[in-house]
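The structure under discussion appears below in the form of structure tokens.
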Amino acid sequence: MRFIGDFTAKTDVKGRVFLPAAFRKVLEAAGESHLVLRRDLFQPCLVLYPESVWNATLDDLKQRLTTYRREHQNVLRQFVADAEPVELDSNGRFLIGKQKLEFAGITSDVRFLAVDERIEVWNKEALDRLIEESDSLGDTLESLLG
């Protein structure tokens, strides 16, 4: 399953936002009905995982860690502590909790960015700035792959 697209939306006063229809169609086609939301590790945004992708991510992480190392247990604990299940309502909306809204700086305008099998949820202006300020994609790809 792969998502494609970049969409904007607005949160309502309760912190609910519509998941873009294009993303809902991908989920439906894959038979996915549950999502997991957590803060991103590196950027001030949120990440939505289809449940199967979340489970595969967690399985991969657990394979790389051992339960007999304190540091590894703490990494796993921190990773899962921030995760929460997300259910879409009958209108295709989901609720973003206050702490996560604050973390991502989301007050109204939301930007959904498809990143392979995950969906990033951004404050629209923050992602706009990040993309504008980033180095040329061509230069970066050349240095990484050329």
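Read the figures in this text as sums done on the coordinates, not as results from a lab. As the structure is a prediction and not an experimental result, all values here were calculated from the model. Positions of Cβ are generated from backbone atoms using ideal geometry, with glycine treated the same way; all protein chains shown enter the neighbour counts.
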Discussion item. What are the ³J(HN,Hα) couplings of segment 80-92, residue after residue, when phi is run through the Karplus curve with 6.51, -1.76, 1.60 and θ = phi - 60°? Round to Hz, x for glycine and proline.
Written reply: 7, 4, 8, 7, 9, x, 10, 10, 7, 7, 5, 9, x
Worksheet item: Given labels modelled 7 Å from the Cα in the Cβ direction, how far is it in nm from Lys14 to Gln73?
Response: 4.0
Worksheet item: Each label point is 7 Å from the Cα along the Cα-to-Cβ direction; what then is the distance between the points at Gln63 and Gln43, in nm?
Response: 2.6
Response to the item:
Of the residues Phe23, Leu37, Thr67, the Cα lying farthest along the dipole of segment 1-128 towards its positive end, which is defined by charges on the beta carbon of Lys, Arg, Asp and Glu, belongs to Thr67
Fill in: Backbone HN-Hα couplings from phi across segment 68-73 [Karplus 6.51/-1.76/1.60, Hz, Gly and Pro as x]
9, 10, 3, 4, 5, 4
Worksheet entry | Sum of -39500 (n - 2.57) over DSSP H runs of 4+, divided by residues of the chain (222 nm, nearest 500) | -12500 deg cm²/dmol
Worksheet entry | Nitroxide proxy distance, nm - points 7 Å out along Cα→Cβ at Glu51 and Arg24 | 1.8
Worksheet, complete the sentence: Any residue on another chain or 5+ positions along whose placed amide H is under 5 Å from the amide H of Val110 is listed here as Ala9, Lys10, Thr11, Lys124
Practice prompt. Cross-chain or 8 or more residues apart, Cα under 28 Å: how many lysine pairs in the chain fit that? Count them up, please.
Written response: 14
Response to the item:
Taking 92-105, 61-74 and ranking on average Cβ neighbours within 10 Å, highest first, one gets 92-105, 61-74
Discussion item. If I histogram all Cα-Cα distances within segment 30-111 using bins 10 Å wide from 0, what percent of pairs lands in each bin?
Written reply: 15, 43, 31, 9, 1
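Hey, got the dipole for the chain? About the Cα centre, +1 on K and R Cβ, -1 on D and E Cβ, debye to the nearest 20? Don't skip to the end; give the middle numbers.
On the way: 20 positive and 25 negative charges, 133 e Å.
That gives a dipole near 640 debye.
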